[in-house]
1. Out of segment 22-62, which residues are surrounded by 12 or more Cβ atoms within 10 Å (Cβ to Cβ) and not in a helix (DSSP H, G or I)?
2. Find the residue count for segment 1-21, including only residues that are outside any loop (DSSP other than H, G, I, E, B) and either at pLDDT below 85 or surrounded by 12 or more Cβ atoms within 10 Å (Cβ to Cβ) (or both).
3. Show the residue pairs meeting these rules: Cβ distance below 9 Å; 6+ apart or different chains; first residue within segment 29-48 and among the polar types (S, T, N, Q); second residue loosely packed, with under 12 Cβ neighbours inside 10 Å.
Amino acid sequence: MSLPKFNEITKLSNNEIAENIIKTEKDLFNLKFKQATRQPFKAHEIKYAKRRIAQLKTILSLRLNVLEKNQSSSLSNTIEK
């Protein structure tokens with residue numbers, strides 16, 4: 001598992017991003033569980049999972065903010081007419 005690339009995430013759809021967030025959060029939980037039970041794991045994978053989740057959530061929230069802004073502006077235009 002290499003460091004995630006931000007450009008790769010921008011090409012995904014919103015549904016794919018949401019699915020990746022869920023998958024990565026499950027992976028992070030499993031890694032933390034292994035750490036707590038002293039099972040062998042690669043410590044850097046926790047850092048990578050956290051970073052991936054942050055990138056995914058950032059892109060998703062930016063896209064949702066743009067959509068919300070567009071909807072509110074179209075709604076205000078409709079009200080003014």
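1. Listed by number, the list holds a single entry, 41.
2. 10
3. Matching pairs, first to second residue: 35/43; 39/33.
The values are calculated or read from the model by the stated rules, or taken from the named source; none is laboratory data. Note that the coordinates shown come from a computational prediction; the quantities given were computed from them, not determined experimentally. Every residue, glycine as well, gets a Cβ built from its backbone with ideal geometry; the counts of neighbours run over all protein chains shown.
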